[in-house]
Amino acid sequence: MNRHDIRLSGTWRAPLAPDTVYAKLADVGDYPAWWPAFRSVRRTGERECEVVIRSALPYALRATLTAVAEDPVQHVLEAALDGDISGGVRWVVTPDGRHGCVATLTQYVTVRKPALRRWMPLARPVFRVNHALAVRGGQRGLAALARRSGQRPSAPPGRPPPVVSGTAISPSCGRSRGPSW
């Protein structure tokens, strides 16, 4: 791992069915509607799109996201990134055994944007916080989307479904605006 590489991760706990969360994560084209850090998504090919991402810090990242794997049975999504950051991103959505699912995000990227490369060795902790804020925004957006759509949380037989609140969820270039993963 060189000084410009970074591994980022996050975990969301969602009181929703794994299929529901997987479908939202697979529809990258819809991210700007519910994930504030995704400023834009533009389809550029059957399995790729250009994304612009910006969180709390005053810079945007532009990258081409190319679907590598989409497994709706195992609830696994993988994509390659190329642009201001290059590398890969992987989502795995699994039932949590109680009332919903866990979505695990793993990213391995190399920072290629010159201004960020200059600061990377010193600012790595700040970049991690910025990423965490971006992921938290997606978590909140997914919770709000579930409430607006009237999505019922999943629950095992014999248990009442949990209430979806603004903080209930913890941590494709869409069908219409880009490829799914």
Q: Please identify the pairs in which a residue from region 116-132 that is under 18 Å from Val89 (Cα atoms) has its Cβ atom under 8 Å from the Cβ atom of a residue that is of a type in the set (Ser, Thr, Tyr) and surrounded by 15 or more Cβ atoms within 10 Å (Cβ to Cβ), counting only partners at least 6 apart or on another chain.
A: Asn130/Ser55; His131/Ser55
Q: Looking at (1) β-branched (Val, Ile, Thr); (2) in a helix (DSSP H, G or I); (3) in contact with a Pro (Cβ under 6 Å, 6 or more places away or on another chain), find the lone condition where Val93 falls short.
A: (2)
Q: Could you tell me which of the residues Leu77, Leu116, Leu122 is not in a helix (DSSP H, G or I) and not small (Gly, Ala, Ser)?
A: Leu77
Q) Considering only residues of region 46-61 that are within 21 Å of Asp71 (Cβ to Cβ) and at pLDDT below 95, which is surrounded by the fewest Cβ atoms within 10 Å (Cβ to Cβ)? A) Glu46
**Q.** Subset tally (residues that are of a type in the set (Ser, Thr, Tyr), within 16 Å of Leu133 (Cβ to Cβ) and at pLDDT 95 or above) for region 1-45
**A.** 1
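The values are calculated or read from the model by the stated rules, or taken from the named source; none is laboratory data. What you see is a predicted model, and the numbers here were worked out from it, not measured in a lab. Counting neighbours? That spans all protein chains shown, and the Cβs are built from the backbone with ideal geometry, glycine included.
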